[in-house]
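Asker: Can you keep this structure in mind? I'll have questions shortly.
Derivation of every value follows stated rules applied to the coordinates shown; laboratory data play no part. None of these values were measured; they are calculated from a predicted model. Cβ sites come from the backbone with ideal geometry, for glycine too, and all protein chains shown count toward neighbours.
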Protein chains: 2
Amino acid sequence: MTTPLRLGIAGLGTVGVGVVKIVRQKANLLATRTGRPVVITAVSARSRDKDRGVNLSDYAWEDDPVALAKRDDVDVFVELMGGENGPAKDSIEAAIASGKDVVTANKALLAHHGQALAEAAEEAGRVIRFEAAVAGGIPVIKALTEGLAGNDITRVMGVMNGTCNYILTRMLDDGLSYDEVFAEADKLGYLEADPNLDVGGIDAGHKLSLLSSIAFGTQVDFDAVELEGIQRISIEDIKQANDLGYRIKLLGVAQMTGRGLEQRMSPCLVPKNSPLGQLKGGTNMVVIEGDAVEQIVLRGPGAGEGPTASAVMGDVCDIARGFRVSTFGIPAKSLSKAKTAQSNSPAPYYLHLKLEDRPGALAKIATVLGDNGISIDRMRQTKHKNAAAPVLIVTHKTQRAALDAAIEAMQDTGVVESAPVALRIEMV
Amino acid sequence: MTTPLRLGIAGLGTVGVGVVKIVRQKANLLATRTGRPVVITAVSARSRDKDRGVNLSDYAWEDDPVALAKRDDVDVFVELMGGENGPAKDSIEAAIASGKDVVTANKALLAHHGQALAEAAEEAGRVIRFEAAVAGGIPVIKALTEGLAGNDITRVMGVMNGTCNYILTRMLDDGLSYDEVFAEADKLGYLEADPNLDVGGIDAGHKLSLLSSIAFGTQVDFDAVELEGIQRISIEDIKQANDLGYRIKLLGVAQMTGRGLEQRMSPCLVPKNSPLGQLKGGTNMVVIEGDAVEQIVLRGPGAGEGPTASAVMGDVCDIARGFRVSTFGIPAKSLSKAKTAQSNSPAPYYLHLKLEDRPGALAKIATVLGDNGISIDRMRQTKHKNAAAPVLIVTHKTQRAALDAAIEAMQDTGVVESAPVALRIEMV
C-alpha cells in the first residue's frame, strides 16, 4: 500500500495543532511505520486567520466541518472540535455517510451517541476510533480491545480527570480547602467552561461509560453511570483518610455483577500505597482486571497537546496499516443492553459524622450500625473545639443500601449534627 | 471472514495449557471479538501421556514440532517451548517456510535470531508476534508498535525479571541477605534451570533488546546490551539506598543518544516514590518515553499461566482480525544497524566504599573524585565496628567513564579496602 492516507482535520485547538505538527514533522517515520504516506489534505476551524504557530498553507480550508467531512480528497475525518452535539455530531455523521473513517477525541459525543454512530459506521463499513477520548496519551482502548482480547474483563477502574486529581492532590499536599484550590485551578485555566463537567465527575463519567462498553461488550450507557463529584470533599476528610492509610480519588469503577453492570464515578478511598493511591496531579491511571491477565495498570498524562495528539496518531496509524476494529471492540449489533445494577457490591466504607458531645451519643450510632448489619473495623473520635465531636468510622464490608438505611436511621437519633460523609473504600 | 483461524500449539507447559484453556472456554467471546472462530487443530509436546488437566483429545498430536509447523490444517504456529536454538528455532523456520504466521513467547530466540527470522517472515509474507516474550501480560509491544506509533521514542525502561525484583524486595522487606533469598527462591522454583539467566540479567536483557528494536527501529542486538546482575547487591546497600530515598531495581534502560544506542540492564537506584521504586515482588513495569506522549507507565504480572496466555491470545486475536504488522514494527529490511554507545549518558551515582579508618582517608577519596571532575551531592560515613569505615557518596551527574577512572585512582590511594560498589541513579 503506497497510496497516501489523507486526513481532514476539523478543530485546530491545542490537540489539532499537535496532530498537524506530528504529521508534518514525522512524515518519514509515519510512512515507514505504516507502509504508506500519511498526509493532511484539508482543515477546518472557527477562525481562519488565527496564528496557530503552524503552517497550514498546504491544506485546503473549509469553514464548515461538514463540508470537510464530505470532501473527496479526505480518507479519514479527524474530529477535534468537541461538543456533545452540533457540528461535531453533524460532521461525523456526514463523514460516515460519505465513506470516511473517523478518528475523534470526543468523549461527550460518544458517551451520548456512541451506539448510533457505531451502528452507522458499521453499516457503511467504516471505523470510528477514539483512543484520545479516554485517558489522554495512554493507549487504554487498544489495550482493552486488542491486547487483552483473550480475557473476560472483570473490573475496570480509573482516575481519568486530571483536574480533579490535581485539586485533591493539592488539597492534601498544601492543606488548602476545596474552594481555595478550585479558585486557583479556575485562574490557571484548568477547568472546563462548565466546571461541573470536571468536578461533578461528568467528563470522567463519559470516559468510564466508553471503557465499560468495550470491557463488557455492552451498549454505551452514560445515563446509568452513578455520578458523584468532589465538591463535598473537605480538607478534613482528606487528612483523616490519609491518617487512616488512604487517599481520596475521583475514581471510576465499572464491574459486571450477577445483578447487572455497575458503573460509578465517585470520590473513593484507595490504599495510599497502591498505584492509584500514589497518583498525583494531572496524571491519569486506568486499572484493568481480567480473568487471565489478573491486573494491568496503565499510567500517563491525561491531557495536553502532545499526549492527546499521540493518541490520535495511534488511531490514524492503525487505519493507515489497514487495521479495522469495531468501534467498541465487537460489532455494534452484538453489543448487549446491560441491565443497570445499583452500586451495591460490598465494600468497606469511610464514615465521617459530627456528633453532639454528650453521653451515649456514640453508643447510639454504634447501635444503629449494628441494627443494619454493619460491623465496625475502626472508629476514632478526634479532638474538637466545638460542641460537635468529629467521629470517624471505617466499616467492614457492607452494601451501600444497608449503609444508606443506617445513615437515615442516624438522623432520627438526634445526636448527629449534619449529614454524614460516606465514602466507599475501593479495594485495589 | 468466517473461516476459522486454526492454531497449532507447540509446547504444553504452563503457558501452553493456559492458551488451550482460553481457546476452549472462550470460543464465543473470541469469535465475537475477532469475527471468526479461533480453534486448535494440533498440538505437540515432549510427553504425550502426561496429565495436563485439560482435554487434548480433539486435537491431532505431533511428536515433532517441525511436523506440527508444516501441517496443512494449521494457520498460526504458536511456539511455547522456549530455548534459544533447537526445536523452537527449527519449527519457527519451518512454519514460516510453509506459510504460517507465528506467535511466540520466546525472548531468547528472538534476542539472538530476531533479525533473520523477521526477514524470513517478511519475504514469506507472514508475521511473527511476541507480546508474551516481554513483560508477561502487559501489552507493551502493542503499545510501542501501535499505540505510540506517532512518537519518536526517547527512552524505554523496565523491570522485567520478576525473580530479581522478588529477591530485591524480600531483602529490603525482611532484612535477609542475597544468599538467603536466593536459596529460598531456588527452593520455591522461581529460578531458571540456569539461575544466571535471572540474577545475571540475561533474561531481562533479552527482553530489553526486543523493546529497543521496536522503540528505535534498529536491528535486535542483544550482544550490545551491557549486562550486570544483582549478585553483588548486599542488604547493606539496599538499606543505605532506602535511607537515602531510593530503591535498588534490576533496571533495563535503552536510549538513543548522539553517540548511538545505549542498552544496559543493571542494578540501579530509582527514587522510592516513583512508580518504579514502588514496584514490589514479581510484578513487571515498563516505562516508555516519547516526544509527544511524554511518559507512559505500564504495570502488570510478568509471568504465570494466565497473564502469559493472555498475551499470546492478544497476538492470536490480532491475526484473526487480519492485523498485519512487521515483527519489529517496521519492515525488517528497514531496521537500521544501530551504533552501540557505551553507557555514558550522565547520571548521579551511588558509591559505597570501605575506607581505612585513619586521618585523611576521606580527604583522599574526595580529592580523587574532584580530580576526575566529579562533584559530591551527599556523603555520609556510617557507624562501624570493624577497622573499615563504610562511606556512602551520592555524586552529582557524571559520566560512567569519569567514575571508572576515579574508582581506579582510588585503588592507588591505599585507603580503600575493597572494590567500591558503584550504582547508577536513574532519573525517572
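Asker: So what's the gap between the Cα centers of region B:182-217 and region A:31-76, to the nearest angstrom?
Answerer: Measuring centre to centre over Cα atoms gives 47 Å.
Asker: At 0.36 nm per residue, minus the direct Cα-Cα distance, what do A:T2 and A:T14 gain on full extension? Give it in nm, one decimal, please.
Answerer: Details: separation 12, 0.36 × 12 = 4.32 nm, distance 3.01 nm.
Length gained between A:T2 and A:T14: 1.3 nm.
Asker: While we're looking at this one, here's another question. State, in angstrom, two size descriptors of region A:140-301 derived from its alpha carbons: Rg to one decimal place and Dmax to the nearest whole number.
Answerer: 15.6, 46
Asker: Whole-Hz Karplus ³J(HN,Hα) for region A:331-336, in order, using 6.51 cos²θ - 1.76 cosθ + 1.60 and θ = phi - 60°, x for Gly and Pro?
Answerer: Karplus-based 3J(HN,Hα) across region A:331-336 equals x, 4, 5, 8, 5, 8 Hz.
Asker: Hey, what's the Kirkwood Rh for chain A if you take every pair of different alpha carbons, in angstrom? Please list the in-between numbers first.
Answerer: Numbers: mean 1/r = 0.0435 Å⁻¹.
Radius from the Kirkwood sum: 23.0 Å.
Asker: Return the percentage of antiparallel bridges among DSSP beta bridges fully within the protein assembly as shown, rounded to the nearest 5 %. Provide the component values of the computation, followed by the final result.
Answerer: Working: 99 of 149 bridges.
So the antiparallel bridges in the protein assembly as shown amount to around 65 percent.
Asker: Mind giving me the nanometre distance, one decimal, between the label points for B:A419 and A:D223, set 7 Å out from Cα along Cα→Cβ?
Answerer: Taking the two extended label points, one gets 7.1 nm.
Asker: Shifting gears a bit: In whole Å, what three semi-axes, largest first, describe the equivalent ellipsoid of region A:349-425 built from its Cα gyration tensor (square root of 5 times each eigenvalue)?
Answerer: Working: eigenvalues 72, 34, 23 Å².
That gives 19, 13, 11 Å for the three semi-axes.
Asker: Just from its helices, what would the mean residue ellipticity at 222 nm be for the protein assembly as shown, if runs of 4 or more DSSP H residues each count -39500 (n - 2.57) and the sum is divided by every residue, rounded to the nearest 500 deg cm²/dmol?
Answerer: Details: 28 runs with 302 residues, N = 856.
Per the formula, -10500 deg cm²/dmol.
Asker: Taking every pair of alpha-carbon atoms in region A:60-103, what share in percent sits in each 10 Å bin, from 0 to the bin with the longest distance?
Answerer: Going from the shortest bin to the longest, the percentages are 34, 60, 6.
Asker: Fewest Cβ neighbours within 10 Å first, please rank A:R380, A:R424 accordingly.
Answerer: Details: A:R380 12, A:R424 22.
Least crowded to most crowded, the residues run A:R380, A:R424.
Asker: Pop the C-beta distance of B:A67 and B:E123 into the FRET formula with R0 = 30 Å and round what comes out to the nearest 0.05. Write out the running numbers ahead of the final one.
Answerer: Values: r = 23 Å, r/R0 = 0.76.
The pair B:A67/B:E123 has a calculated efficiency of 0.85.
Asker: Put +1 on the Cβ of every Lys and Arg and -1 on every Asp and Glu Cβ in the protein assembly as shown; which of A:V312, A:A292, B:T104 then has its Cα farthest towards the positive end of the dipole?
Answerer: Of A:V312, A:A292, B:T104, it is A:A292.
Asker: For A:M379, which sequence-distant residues (separation of 5 or more, or a different chain) have an amide H within less than 5 Å of its own amide H, given hydrogens modelled in the peptide plane?
Answerer: Under 5 Å from the amide H of A:M379 lie the amide H atoms of A:V394, each far enough along the sequence or on another chain.
Asker: Using θ = phi - 60° and the Karplus form 6.51 cos²θ - 1.76 cosθ + 1.60, what ³J(HN,Hα) does each residue of region A:20-35 get, whole Hz, x for Gly and Pro?
Answerer: Once θ is set to phi - 60°, the couplings for region A:20-35 become 4, 4, 5, 4, 6, 7, 10, 4, 5, 4, 5, 5, 5, 5, 9, x Hz.
Asker: Convex hull over the Cα atoms of region B:94-140, averaged projected area in nm²? Before the final figure, lay out the partial values.
Answerer: Numbers: hull surface 12.8 nm².
For the Cα atoms of region B:94-140, the hull's average projected area reads 3.2 nm².
Asker: Moving on. Listing B:E79, B:E84 from the residue with the fewest other Cβ atoms within 10 Å to the one with the most, what is the order? Before the final figure, lay out the partial values.
Answerer: Working: B:E79 30, B:E84 16.
Least crowded to most crowded, the residues run B:E84, B:E79.
Asker: In nm, what does the list of distances from A:S418 to its counterparts in the other copies look like, shortest first, when each label sits 7 Å along Cα to Cβ?
Answerer: Here the equivalent label points are 6.1 nm apart from this one.
Asker: Other chains' Cβ within 10 Å of A:285-296 residues: what's the mean? Walk me through the numbers on the way to the answer.
Answerer: Numbers: counts 3, 0, 2, 2, 0, 4, 5, 18, 15, 9, 6, 10.
Neighbouring Cβ atoms belonging to other protein chains average 6 per residue here.
Asker: Calculate the length of the line joining the C-alpha centroid of region B:257-333 to that of region B:347-407, in whole Å.
Answerer: Cα centroid of region B:257-333 versus Cα centroid of region B:347-407: 35 Å apart.
Asker: If you wrap a convex hull around the alpha carbons of the protein assembly as shown, what volume per residue comes out, as a whole number of Å³? Walk me through the numbers before you get to the answer.
Answerer: Numbers: hull volume 160.1 nm³, N = 856.
With only Cα atoms used, the protein assembly as shown gives 187 Å³ per residue.
Asker: Take every residue in peptide A:134-146, count the Cβ atoms of other chains within 10 Å of its Cβ, and give the average of those counts. The partial results should precede the final answer.
Answerer: Values: counts 0, 0, 3, 10, 6, 12, 2, 1, 6, 9, 1, 3, 12.
Average neighbour count from other chains, rounded to a whole number: 5.
Asker: Right, here's the next one. Sort B:T257, B:T34, A:T2 so that the residue with the fewest other Cβ atoms within 10 Å of its own Cβ comes first and the one with the most comes last. Before the final figure, lay out the partial values.
Answerer: On the way: B:T257 14, B:T34 22, A:T2 7.
Lowest count first: A:T2, B:T257, B:T34.
Asker: Other chains' Cβ within 10 Å of A:301-308 residues: what's the mean?
Answerer: Details: counts 4, 0, 0, 3, 1, 7, 7, 2.
Mean shielding by partner chains, rounded to a whole number: 3.
Asker: Moving on. More than 22 Å apart: what percent of Cα pairs in region A:5-104 qualify?
Answerer: That fraction is 23 percent.
Asker: Which far-off residues, 5 or more places away or on another chain, put their amide H under 5 Å from the one on A:A389, with H placed in the peptide plane?
Answerer: A:L355, A:E356, A:D357
Asker: Treat each spin label as a single point 7 Å out from the Cα along the C-beta direction, and report the B:E180 to A:N55 distance in nm.
Answerer: It works out to 6.7 nm between the two label points.
Asker: Further question on the same structure: Based on the Cα atoms of region A:37-189, what semi-axes does the equivalent ellipsoid have, where each is the square root of 5 times one gyration tensor eigenvalue, given in whole Å with the largest first? Show your work: numbers first, answer last.
Answerer: Details: eigenvalues 209, 115, 39 Å².
Calculated on Cα positions only, the semi-axes equal 32, 24, 14 Å.
Asker: I'd like the Karplus ³J(HN,Hα) series for region B:196-210: coefficients 6.51, -1.76, 1.60, θ = phi - 60°, whole numbers in Hz, and an x wherever there's a Gly or Pro.
Answerer: Result, ordered by residue: 4, 4, 7, 6, x, x, 5, 4, 5, x, 4, 5, 4, 5, 6 Hz.
Asker: Hey, which lysines would be in cross-link range of B:K354, C-alpha to C-alpha under 30 Å, not counting anything within fewer than 8 residues on its own chain?
Answerer: B:K239, B:K249, B:K272, B:K280, B:K364, B:K383, B:K385, B:K397
Asker: Less than 11 Å from a label point 7 Å out along the Cα-to-Cβ axis of A:K280: which backbone N atoms in region A:161-192 qualify, by residue?
Answerer: A:169-170, A:173-174
Asker: Take the Cβ-Cβ distance between A:A116 and B:A363 as r, set R0 to 56 Å, and report the resulting FRET efficiency rounded to the nearest 0.05.
Answerer: On the way: r = 77 Å, r/R0 = 1.38.
The computed FRET efficiency comes out at 0.15.
Asker: What is chain B's relative contact order, in percent, from Cα pairs under 8 angstrom and six or more apart in sequence? Can you show the working numbers first?
Answerer: Details: 907 pairs, mean separation 68.3, N = 428.
Worked out over chain B, it gives 16 percent.
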